[in-house]
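**Student:** Quick one: structure below, then a few questions.
The values are calculated or read from the model by the stated rules, or taken from the named source; none is laboratory data. Owing to the predicted nature of the structure, the values given are computational and were not obtained by experimental measurement. As a convention, Cβ positions derive from the backbone with ideal geometry for all residues, glycine included, and neighbour counts pool all protein chains shown.
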Amino acid sequence: MYDMALADTVSSDTREIARGLRERDVAVLQVLVEEYQDRLVRYLVYVLGRRDGVDDLVQETWLRVMERGKSYDGRSRFEPWLFTVARHLAIDFLRRRREVSLDAEDDGRPVVMAPVSEMPSPFVLAARTEDAERLAAALQGLQAMYREALVLRFMEDMSLQEIAAVANAPVPTVAARIYRGLATLRSQMEEKHER
Amino acid sequence: MSGERHEDFEQRIDRSLAGAGTAEEQRLVEEHVRSCSACAEYLSASRRAVAGLKGFSFEAGPGLNARVMAAVKARAEEIEARRRWMRLSVVALALTVLGTFVDLQVGRWAAAFFGLPSVAVHHGLLALWIVPSFGLLVLFPLLPLLAAKRSREGRTI
């Protein structure tokens, strides 16, 4: 049963989250699942550029959170730690399918841009307006690492340092990814404005 | 105004949106865009792009939370059961070591005290203490593995 009082405590206190994870407290995990599930889904959709497979990765992420919860010390926000766990699983998922690399730019390996899925783009499916359709096309064309930087900065409101910790990349690299991602999206908005 | 200066302010706008700009840079940008339509449009397009991003909505599918929690509870029980068997294994190990110690150090003395043959005491300790606790020491770590295997087979069926 969902405990409202516990939910209030957990959402306002990272130490309470750390305690719950350390003790593998299922009630605390339930609160976390309820609170972060949609954001976790959104992050993984942006990273993978697809909707299929995301639910399985979400489940794997929470199982990993429960198993390795002791490594969260509660001294920083929970979100970056959660997304770091999800990111590692997403990288494994992409490697298994030999699709895009999240770190290609940094390690010098070539970027493999295989067709990520035969399903329609999740961004196109979620677009409700003409502007959104244009942005959806731009997002689908962006590499995963740029979409990741954008979602963490503008949807999760993370600082550059937090994004750098999640993406395991230097702060200037992360900033450059945001600039480039933003430039791609902006060009869509400017094109429309010029028409 | 020169293109170079526009470029400079566009970079400041990017830095500001990315969270890399300083408060002073932010103030300069705000002041500048009031009098520069090109940079004002750049900022406006950037803000529209960010706002557009927020228009996409992705939510967990129906039943996902319940499925996740069922998996989390099952895994938590599995881990707890494994820990319980590990604790019992430690107890079995301690009993085995203690039994061996008693056999080697105290057995002969006990046999003399009770007037029993030392071989009989040795065999008694082996049969009633050391071998059973060693058996448990081997068995306990295997039980959770067998249970997990059976559970996996059950899921496959």
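**Student:** Is it true that B:Gln105 is more than 8 Å from every other protein chain (Cβ to nearest Cβ), in contact with a helix residue (DSSP H, G or I) (Cβ under 7 Å, 6 or more places away or on another chain) and of a type in the set (S, T, N, Q)?
**Tutor:** No; evaluated as a whole, the condition is false for this residue.
**Student:** Checking B:Ser57 against (1) free of Cβ contacts under 8 Å to residues at least 12 places away in the same chain; (2) under 35 Å from the mean Cα position of the chain (by Cα); (3) buried (at least 17 other Cβ atoms within 10 Å of the Cβ), only one condition comes out false. Which one?
**Tutor:** (3)
**Student:** Got at least one residue in the range B:92-112 being of a type in the set (Ser, Thr, Tyr), in a helix (DSSP H, G or I), under 30 Å from A:Ala183 (Cα atoms) and touching a residue at least 12 places away in the same chain (Cβ under 8 Å)?
**Tutor:** No, the range B:92-112 contains no residue that is of a type in the set (Ser, Thr, Tyr), in a helix (DSSP H, G or I), under 30 Å from A:Ala183 (Cα atoms) and touching a residue at least 12 places away in the same chain (Cβ under 8 Å).
**Student:** I'm trying to understand the selection: among the residues of the range A:50-75, which are more than 16 Å from B:Gly63 (Cα to Cα), touching a Leu at 6+ places or on another chain (Cβ under 8 Å) and crowded, with 18+ Cβ neighbours inside 10 Å?
**Tutor:** A:Thr61, A:Val65, A:Met66, A:Gly69, A:Tyr72
**Student:** Now, a different point. Hey, any hits in the range A:146-163 for a residue that's aromatic (Phe, Trp, Tyr), touching a residue at least 24 places away in the same chain (Cβ under 8 Å), in a helix (DSSP H, G or I) and surrounded by 21 or more Cβ atoms within 10 Å (Cβ to Cβ)?
**Tutor:** Looking only at the range A:146-163, we keep the residues that are aromatic (Phe, Trp, Tyr), and these are A:146, A:154.
Pick out the ones that are also touching a residue at least 24 places away in the same chain (Cβ under 8 Å) and you get A:146.
Filter once more, so that each one left must be in a helix (DSSP H, G or I): A:146.
Imposing the further condition that a residue be surrounded by 21 or more Cβ atoms within 10 Å (Cβ to Cβ) reduces the set to A:146.
Checked against the condition, which is being aromatic (Phe, Trp, Tyr), touching a residue at least 24 places away in the same chain (Cβ under 8 Å), in a helix (DSSP H, G or I) and surrounded by 21 or more Cβ atoms within 10 Å (Cβ to Cβ), the range A:146-163 yields at least one hit.
**Student:** Give the range B:52-65 a look and list any residue that's at pLDDT 90 or above and of a type outside the set (S, T, N, Q), or say none.
**Tutor:** B:Gly63, B:Leu64
**Student:** Now for a different question. Among the numbered conditions (1) hydroxyl-bearing (Ser, Thr, Tyr); (2) within 11 Å of chain B (Cβ to nearest Cβ); (3) within 17 Å of the chain's Cα centre (by Cα), tell me where A:Thr184 comes up short.
**Tutor:** The number of the failed condition is (3).
**Student:** Can I ask one more? Might you let me know whether the range B:78-89 holds any residue that is closer than 23 Å to A:Glu162 by Cβ, at the interface with chain A (Cβ under 10 Å from one of its Cβ atoms) and surrounded by 12 or more Cβ atoms within 10 Å (Cβ to Cβ)?
**Tutor:** No.
**Student:** Within the range B:25-36, which residues are of a type in the set (Asp, Glu), modelled with pLDDT of 90 or more and within 45 Å of the chain's Cα centre (by Cα)?
**Tutor:** If the condition is that a residue be of a type in the set (Asp, Glu), modelled with pLDDT of 90 or more and within 45 Å of the chain's Cα centre (by Cα), then no residue fits.
**Student:** Looking only at the range B:23-42, filter to residues that are within 13 Å of chain A (Cβ to nearest Cβ), over 22 Å from A:Glu130 (Cβ atoms) and out of contact with any His (no Cβ under 7 Å at 6 or more places or on another chain); which one of those is surrounded by the most Cβ atoms within 10 Å (Cβ to Cβ)?
**Tutor:** Filtering the range B:23-42 for residues that are within 13 Å of chain A (Cβ to nearest Cβ), over 22 Å from A:Glu130 (Cβ atoms) and out of contact with any His (no Cβ under 7 Å at 6 or more places or on another chain), the one surrounded by the most Cβ atoms within 10 Å (Cβ to Cβ) comes out as B:Ala40.
**Student:** Only one of (1) farther than 30 Å from B:Ala74 by Cβ; (2) loosely packed, with under 14 Cβ neighbours inside 10 Å fails for B:Ala111. Which number is that?
**Tutor:** Among (1) farther than 30 Å from B:Ala74 by Cβ; (2) loosely packed, with under 14 Cβ neighbours inside 10 Å, B:Ala111 violates only (2).
**Student:** Determine whether B:Arg48 is under 27 Å from B:Phe9 (Cα atoms), facing chain A (nearest Cβ under 9 Å) and in contact with a helix residue (DSSP H, G or I) (Cβ under 7 Å, 6 or more places away or on another chain).
**Tutor:** For B:Arg48, the condition - under 27 Å from B:Phe9 (Cα atoms), facing chain A (nearest Cβ under 9 Å) and in contact with a helix residue (DSSP H, G or I) (Cβ under 7 Å, 6 or more places away or on another chain) - is met.
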